[in-house]
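The values are calculated or read from the model by the stated rules, or taken from the named source; none is laboratory data. What you see is a predicted model, and the numbers here were worked out from it, not measured in a lab. Every residue, glycine among them, receives a Cβ derived from its backbone with ideal geometry; neighbour counts consider all protein chains shown. Heads up: the accessible areas ignore ligands, DNA and RNA and are worked out on the full protein's heavy atoms, side chains in. Shrake-Rupley method; radii C 1.70, N 1.55, O 1.52, S 1.80 Å.
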Amino acid sequence: MLSYVLRRFLTMIPTLLVISFLTFLIIELPPGDFLSNQIAQLKMQGEESAIAKVEFLRTEFALDKPFMERYLIWLGAWPGPHGFDGLLQGNWGWSFEYEQPVSEVVGSTLLLTVLLNAVTILFVYAVSFPIGMYSATRQYSWGDYGFTFLGYIGLATPNFLLGLIMLYFSNHWFGLSIGGLMDPYYIDKPWSLAKAGSVLAHLVVPTIVIGTSGTAAMIRRLRANLLDELHKQYVTTARAKGLKESRLLIKYPLRVALNPFIADIGNLIPSLVSGSVIVSVVLNLPTVGPVLLGALQSQDQFLAGFILLFVAVLTLVGMLISDILLAVLDPRIRLGGRSAS
């Protein structure tokens, strides 16, 4: 098991390198960049003195270099104007739009983004797992029809609309402040139990809003997988031999049906980040989603590149977790990897 985890961890390194290259390539595909657009705007306004400053910034951040050299400098594998000073050395880059280091722009939002995604994933699994089991073991019951109906509503309801409705009721019934992940009183204040409690209270609405569609889809998948297993011959044979229904369900069909269920952990993270951008704007959430949207619109390449790479790291970590859980759940997976090596 340890060797399996080590192999999976080592494969993350070349994967992350490929992702970093593709991320940098995609960001560089549109013509121009933030500074080029700013130079064009300054020329239209006739501000020649400001153009010299922008041109200096292009040289300062190696934007006048060829593509591969810019990528290696950004990565920290090639000496730039300040030597080896890139991602590998802990320098996340410079945001031209905010005129400050990327670490200062996104530093306060990374922790809240990870926290929101982790809580949302727990919510998706905690709700969809028992409901999916109930619907599969009680097919065509009133409960099955009811949960199916609620699932379709969850898939059809726009997240931003659900968010606005829940914001209204949470403020009207519980007195929570509108938007954000904490009460405005605690913003820029040091962490305390009261501030942590405010964050937990404000996490309820975005967690439900962002996780609703994923929960509905997960329920349908688990129900379909479990129903397929329950109709197989080995289940019929086990029942004929007098095996208790609860033990039969947990020991055999449920374990097999859980494989794709657990494998979705890695896929959930990027979908939650990308799917929560509009929700984050509507709910005024201090996450990386709105920052990424603004960076892509303004072609702030270093800021956008780091956020996309950060999401990729979260995805790889999620896939590593899902692989470990799958190996624990189904020994054939790690044994197959051992024989392949």
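Assorted remarks:
- Qualifying residue in the stretch 31-54 (condition: modelled with pLDDT of 90 or more and either under 20 Å from residue 304 (Cα atoms) or assigned to a helix (DSSP H, G or I) (or both)): no
- Residue list for the stretch 22-40, filter: surrounded by 14 or more Cβ atoms within 10 Å (Cβ to Cβ) and either of a type in the set (Asp, Glu) or free of Cβ contacts under 8 Å to residues at least 60 places away in the same chain (or both): 28, 33, 36, 38, 39
- For residue 140, the conditions (1) within 20 Å of residue 278 (Cβ to Cβ); (2) surrounded by fewer than 17 Cβ atoms within 10 Å (Cβ to Cβ) are fulfilled apart from (1).
- When each of 195, 189 is tested for being open to solvent by less than 50 Å² (accessible area, probe 1.4 Å), among the charged types (D, E, K, R), touching a helix residue (DSSP H, G or I) at 6+ places or on another chain (Cβ under 9 Å) and at negative phi, the lone residue that passes is 195.
- Residue 77 meets the stated requirement of being surrounded by fewer than 17 Cβ atoms within 10 Å (Cβ to Cβ), of a type in the set (Gly, Ala, Ser) and assigned to a loop (DSSP other than H, G, I, E, B).
- Inspection of the stretch 102-122 identifies no residue that is part of a loop (DSSP other than H, G, I, E, B) and surrounded by fewer than 16 Cβ atoms within 10 Å (Cβ to Cβ).
- Residues of the stretch 177-206 satisfying the condition of being without any contact (Cβ under 8 Å) to a residue 40 or more places away in the chain, in a helix (DSSP H, G or I) and farther than 30 Å from residue 137 by Cβ: 184, 185, 186, 193, 194, 195, 196, 197, 198, 200, 201, 202
- Condition check for residue 209: β-branched (Val, Ile, Thr), farther than 20 Å from residue 132 by Cα and either open to solvent by less than 80 Å² (accessible area, probe 1.4 Å) or not in a loop (DSSP other than H, G, I, E, B) (or both): no
- Candidates are the residues of the stretch 243-276 that are of a type in the set (Val, Ile, Thr) and over 18 Å from residue 203 (Cβ atoms); the one that is nearest to the chain's Cα centre (by Cα) is 265.
- Tally, over the stretch 233-270, of residues that are open to solvent by 60 Å² or more (accessible area, probe 1.4 Å) and under 30 Å from residue 307 (Cβ atoms): 1
- The set of residues from the stretch 223-235 being closer than 18 Å to residue 133 by Cα and assigned to a helix (DSSP H, G or I) comprises 223, 224, 225, 226, 227, 228, 229, 230, 235.
- Filter pass, residue 272 being within 26 Å of residue 315 (Cα to Cα) and in contact with a His (Cβ under 6 Å, 6 or more places away or on another chain): no
- Cβ-Cβ under 7 Å pairs, at least 6 apart or on other chains, the stretch 234-245 side in contact (Cβ under 8 Å) with a residue 12 or more places away in the chain, far side open to solvent by less than 100 Å² (accessible area, probe 1.4 Å) and of a type in the set (A, V, I, L, M): 235/248; 238/248
- For the criterion of being open to solvent by 30 Å² or more (accessible area, probe 1.4 Å), outside any helix (DSSP H, G or I) and in contact (Cβ under 8 Å) with a residue 40 or more places away in the chain, residue 286 passes.
- Here 134, 145, 98, 152 are screened, and the one residue that is of a type in the set (Ser, Thr, Tyr) and free of Cβ contacts under 8 Å to residues at least 12 places away in the same chain is 145.
- Restricting the stretch 221-262 to residues that are hydrophobic (A, V, I, L, M, F, W, C) and out of contact with any helix residue (DSSP H, G or I) (no Cβ under 9 Å at 6 or more places or on another chain), the residue that is modelled with the lowest pLDDT: 250
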